[in-house]
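Please read the structure below before turning to the comments.
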Amino acid sequence: MLADLPPADLAPLLDHAELRPLAPHTLTHRTELEAALERACAEGYALVDEELEAGLRSIAVPVRDRAGSAVASINVAMHSSSRTIEACLEEVLPELRLTAGHIESELHIAARFTQVPLM
């Protein structure tokens, strides 16, 4: 969700963010976090490998509205021993993208009939 924000909206959030280590691999420098967000934006997914908790790996994709803005995200979290990063990219990511596409289709249809409130 952060990766989808325009720089003018992201900067104030990062200005006030407490970047403290939660696990040994937590990104604690703003430049590292900004690079990770740029990468997530460019690649269309975010993969977190033991940054939140030792042994936890998670991969996420955005869910976009009709205008193309990220309004939600979906993710799969797993123990890092259950799948390699490569397996996440080859097996989990395509399924996440497919599921996000189905959700987006439903959102786009619903938006034609019902005003979906902006958050």
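The values are calculated or read from the model by the stated rules, or taken from the named source; none is laboratory data. Computed from a predicted structure; not experimentally measured. In case anyone asks, the SASA skips ligands and DNA or RNA and just uses the protein heavy atoms, side chains included. Shrake-Rupley method; radii C 1.70, N 1.55, O 1.52, S 1.80 Å.
Express the carbon and sulfur contribution to the solvent-accessible surface of the chain as a percent, rounded to the nearest whole number, probe 1.4 angstrom. Numbers along the way, then the final one.
Working: 4630 of 8040 Å².
Within the chain, the accessible surface is 58 percent carbon and sulfur.
Work out, in µm²/s and without decimals, the Stokes-Einstein translational diffusion coefficient of the chain at 10 °C, 1.306 mPa s, Rh from Kirkwood over C-alpha pairs. Translational diffusion coefficient: 101 µm²/s.
Coupling constants for region 35-51 follow from the phi torsions by the Karplus curve (6.51 cos²θ - 1.76 cosθ + 1.60, θ = phi - 60°), and in residue order they are 5, 5, 5, 4, 5, 4, 5, 5, 8, x, 7, 10, 10, 10, 10, 6, 8 Hz; glycine and proline get x. A 1.4 Å probe run over the protein chains yields, for the chain, 68 Å² of accessible area per residue, whole-number rounding.
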